Structure formats: structure tokens, C-alpha cells
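This report refers to the structure that appears directly beneath it.
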Amino acid sequence: MNVDLFEKIPNNVNLSADKRLQRALEQWLPNYLSWWREMGPEGFQEDSIYLRTAVSVEPDGWAHFNYVKMPEYRWGIFLEPKQEGRTIGFGDHYGQPAWQDVPGEYRTPLRRIIVTQGDTEPASVEQQRRLGHSAPSLYDLRNLFQVNVEEGRHLWAMVYLLHSYFGKDGREEAEAMLERRSGDSDKPRILGAFNEPIVNWLDFFMFTMFTDRDGKFQLYSLAESGFDPLARTCRFMLTEEAHHMFVGETGVDRVVQRAAELMLQSGSDDPEAVRKLGGVPLDMLQRHLNLWFSVSEDLFGSEISSNAADFFASGLKGRYKEAQYEDHIALDKHYDLPVPGEDGRLASTSVPLRNAMNEVLRDQYVADCQRAVDKWNRTIERVLGERGAAHRLRLPHRRFHRNIGAYSMAAGYHFDPDGNPITAAEFAAQRGRWLPGPEDRAYLQEIQKPVLEPGKIAGWVAPPARGINGQPFEFEYVRHGT
Ligand code: BYC
Ligand code: FE
Ligand code: FE
């Protein structure tokens, strides 16, 4: 697996051997760069950022750290090495050799999966483009940009697949990736959460915690794909994804820690006391958690989905770590799902397992999110002792505030954070208590003034336990104007 780092497009796919493909990608490159300049991080494009760049696909030592101006980042195409003799691990083609080319009968759904995955990557960059102006520290600013450039690389990963395996319509899809815009009413991004505004750093930490974590589970499912180039691409993307989720999980943890410290300092349990000291009160944090967890759950699709059944049957998309299961065919099992009936009451329905694959994946996601919430609660208890027990954070029920699937508000269903059915009027009456509102946004904007001096940090978030790549927190992670 040689990595060609000095090519115009760094890669380990021997791009220079395929002149047509190389030319097509080199034509897409300037369009990508114009998109990056227009929609990428605003106001920091000429700064030198301490970034890691992929230089190999080996598990240890793929990353190289250096000061880079973002538009000069070495976005490249990296696939995990091919495993000789790999076979399809699930579905109707179980045990057959993995496909090195697109199987004709699955071309359309496969392209659709790749386009949906690819679309999320630039969308997240667009959503986050103004956050640099309110960064709490250079450490956080650098992490934001690291996430942004890697999401840009993930777009490259999907565009490579579209260009090399889908001909003319693949190239058209690659162009369209640069034309849709997050939140745009005419040309929105494909999936709901990627059109939600990310206006402050609490949103950002929640997004990288909950929405990038959907990415983790989707990429793991696609890493099982019978279409081998997609599987190999996603496996390498997962190594980058780990850092994104670290940024989110520890980011929320640091905001929680600071809130608890301010509660200790004030001696009061009133959220108002934390506000007086410039922190993020835990009830406000809970509202953001409720929002981003629920919109991210929607990303798993409907609980009962014939798309999911078809993706599994045809070997395009497997389950999270498919090897953990004994039965890879999943034809004669069922999944019991409580579904609201006409009267709004929940009744258990037996769903053929293949049609419940979105829910199977969501189960694993919810468990992973719960693990992080437990960790944040331990932080509260560490700072506040027994007093912390009254201030625990929690995941809302998966039926709460849904826009896709069996519990969708669009279909007229509403649930409280415990998952109990309620009326639309009851939901509307509690909305401000359960979800962030204009007042929360105004307050966060007020406290989130940029802190861009090395070693300094804003008052609403605790410093990280350690710096990046063995550097101290005081390190100059971003050199402004150089
Ligand atoms: N918003 O059976 P259904 C990441 C549509 S994140 C809007 O429910 P299905 C990242 C659906 O398209 C990972 N529309 O869903 C994170 C369908 O439309 P049609 C991204 C939605 O197909 C942070 C209809 O509703 N990767 O990498 O089983 C930063 C009914 O379909 C939504 C992937 O998503 C929604 N939330 O599952 C950067 C993997 N949900 O057919 C990056 C690829 C559903 O009526 N995607 N719809 O027009 C998939 O596997 C599937 O498309 C989904 C949906 C799991 C998303
Ligand atoms: Fe990504
Ligand atoms: Fe990510």
C-alpha cells in the first residue's frame, strides 16, 4: 500500500495509473476548493493551524502533525488495504466473494447510500463555519478545524467512489455535493440534522457527540458492505471519526464540569446562580442534549423500513460489527416494537428482523450515548458529591421529539422525555422546558466571547485534561495571521 503524498491528490489507490479518473478528480478539485473558501471556516483561512494529516493507512502512525493553512490541507484518498479472499458477511449473498465492482442490479441503491453519506460531510462544515469567532480557547479552535478538514476529506472519500465506479451520473452527483447547502430552502442537505443550525459551542459539542456518533454507527455498517471499495473506505474514515467523537464527548464533559464547579462556588442549586457566574446551567445543557440526541436518532431512519431490509438483503449495508451476531441471514427472526395505534396508545408489533435493521442499529447507538451520559454524571458527582445526585443528566426516551419514523410528530405523535404519549398541545406547552429556545441562544451568545490567547480559556468551560499530540494546553495551536 504505497501512499502517494506528493501527487496533486495524495492517495493510496495508485491514482496516477488511471489517467481518466485522475483527470476527472483533478477537475473536481478546484470546485471543491472554491466551495471550501466560500463555505468552510469563516475568518481563519489564512491562519496556520496545528493539524494532523493522514500519511499512511497503518493502524499506528498514520498521522503527521504540522502547521497548515486550511486551504493547503492535503485532502487525499485513503482506503484500508484489500483483504484477499474477503467474502460478503451477511444477507442473501452471504459467503460469496465481495464485489470489486458495482453489481448492476444494486447500482441505484448503492449510489444513493454513497450520496447520502457523502452529503453529510460538507453539510457539517457549512453548519460549523462561523464557530471560530466564538471559540473558548485555541485548543478548541484547533479541534474544530481538525474536524472540519477531516469532514472535507470524507467528502473526498465518497466522491472518489462516485467518480471511479458510477460514470457520468457519479460525476454529476459529485458536483451536486458542492451545490446543496445546509439549511437552504431550495437546495437543502439530504438528512434532517444536517440542516439544523449550529450557532454556538454547546451545539457543536452536542453535534460532535451525538451526530458524529451516528456517523460512527453508519460507517461501521457500511464497513461491512459487500461492495469492497466502500467497506475499505469506511474503515479508514472510522479512524478519523474517533477524534470527532472525542471532541464532542469531552467537550460536553468540560461544560458539565464547569457548571458543577460554579454550583459549588455559589453554594446554590438554582440555575440562576450558575448564570450569574457566566456558566452554562445544567438545565440548559439538558435541553441541548434533548435536541441533538433526538435529531440524531432520526438519522437512523424509520423503525420499520423496507429500504433497510433491502440494503441488508442485498449485502450493501450490514449491522454494527456484524461478526458479533451468529445468524447473518436474519430471515426468520422478529423484533418486538411498541408502535402507537390510532388511539395513540402503544401496542407491541412483531417486525421481521430485516425490516427492523434501523432500530437494531439505533439500539447500539442509544447504549453508546448512555455510556457517555453516565460518565458526565460521574463528573457532576465528583465535583458536587452527594448534592450532585439531584442534578443528573439523562437521555430522553427515543420516542421523544422525533421527526422520522413510527413516533414522528409529523404523523401526529408526541411523547414526553419519559416516552409517554402526550397531546400536541401538552408538547407545545412544555417545549421551552424540554428544548433550547431563543433565550438560551441569546444567553450562550452573550457568554461565548472568543478567547484566542494561548493558555487562556473562557469561563463557561473547564480546560481539557491534556493537549493535542503531547503538547500542553498552553501550546499555540492556531497562529493568527501567519
Ligand atoms: N432526514 O426507511 P426510511 C455522518 C428519508 S452521519 C431526512 O425511514 P432508510 C456525519 C429516507 O431517505 C452518517 N430524510 O430510511 C456526522 C427515505 O426517503 P425516500 C450518514 C430522512 O432509507 C457528522 C424516507 O425518509 N450516513 O457521517 O431506511 C458530521 C424513508 O426512509 C431521514 C448515512 O446516513 C432523515 N433523518 O434510512 C459529518 C448512511 N431519515 O426513499 C458526517 C447512508 C430517513 O422516501 N444512509 N429519511 O425518498 C442510509 O443508510 C439511509 O439513507 C438512512 C435512512 C439510514 C439515513
Ligand atoms: Fe465524516
Ligand atoms: Fe465526523
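Quick notes
- Which listed residue, of Pro109, Pro122, is assigned to a helix (DSSP H, G or I), within 14 Å of ligand 2 (Cβ to nearest atom) and more than 21 Å from Phe246 (Cβ to Cβ): Pro122
- Residue match in the range 443-462 (condition: free of Cβ contacts under 8 Å to residues at least 12 places away in the same chain and among the small types (Gly, Ala, Ser)): no
- If only residues of the range 357-377 that are basic (Lys, Arg) and touching a helix residue (DSSP H, G or I) at 6+ places or on another chain (Cβ under 9 Å) are counted, the one that is farthest from Thr250 (Cα to Cα) is Arg362.
- Qualifying residue in the range 207-228 (condition: more than 13 Å from ligand 1 (Cβ to nearest atom), in a helix (DSSP H, G or I) and either among the hydrophobic types (A, V, I, L, M, F, W, C) or more than 22 Å from Tyr139 (Cα to Cα) (or both)): yes
- One residue stands out in the range 231-250 among those that are more than 12 Å from ligand 2 (Cβ to nearest atom) and in contact with a Phe, Trp or Tyr (Cβ under 8 Å, 6 or more places away or on another chain): the one that is nearest to Phe205 (Cα to Cα), namely Gly248.
- Being among the small types (Gly, Ala, Ser), under 15 Å from Gln117 (Cβ atoms) and either in a helix (DSSP H, G or I) or modelled with pLDDT under 95 (or both) holds for only one residue in Ala231, Ala273, Ala260, and it is Ala231.
- Whichever residue in the range 110-128 is farther than 21 Å from Asp184 by Cα and more than 9 Å from ligand 1 (Cβ to nearest atom) and, among such residues, is surrounded by the most Cβ atoms within 10 Å (Cβ to Cβ): Leu110
Each row is one residue, and each column tells you yes or no for (1) in contact (Cβ under 8 Å) with a residue 60 or more places away in the chain; (2) part of a helix (DSSP H, G or I); (3) out of contact with any strand residue (DSSP E or B) (no Cβ under 7 Å at 6 or more places or on another chain); (4) surrounded by 14 or more Cβ atoms within 10 Å (Cβ to Cβ).
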| site | (1), (2), (3), (4) |
| --- | --- |
| Tyr32 | yes, yes, yes, yes |
| Trp35 | yes, yes, yes, yes |
| Asp60 | no, no, yes, no |
| Arg74 | yes, no, no, yes |
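- In the range 187-196, residue farthest from ligand 1 (Cβ to nearest atom) [restricted to those that are surrounded by fewer than 19 Cβ atoms within 10 Å (Cβ to Cβ) and either more than 13 Å from Trp292 (Cα to Cα) or more than 14 Å from the chain's Cα centre (by Cα) (or both)]: Lys187
The values are calculated or read from the model by the stated rules, or taken from the named source; none is laboratory data. Just so it is clear, the structure is predicted and the values come from calculations on it, not from any experiment. In this analysis, Cβ positions are derived from the backbone assuming ideal geometry, glycine residues included, and neighbour counts consider all displayed protein chains.
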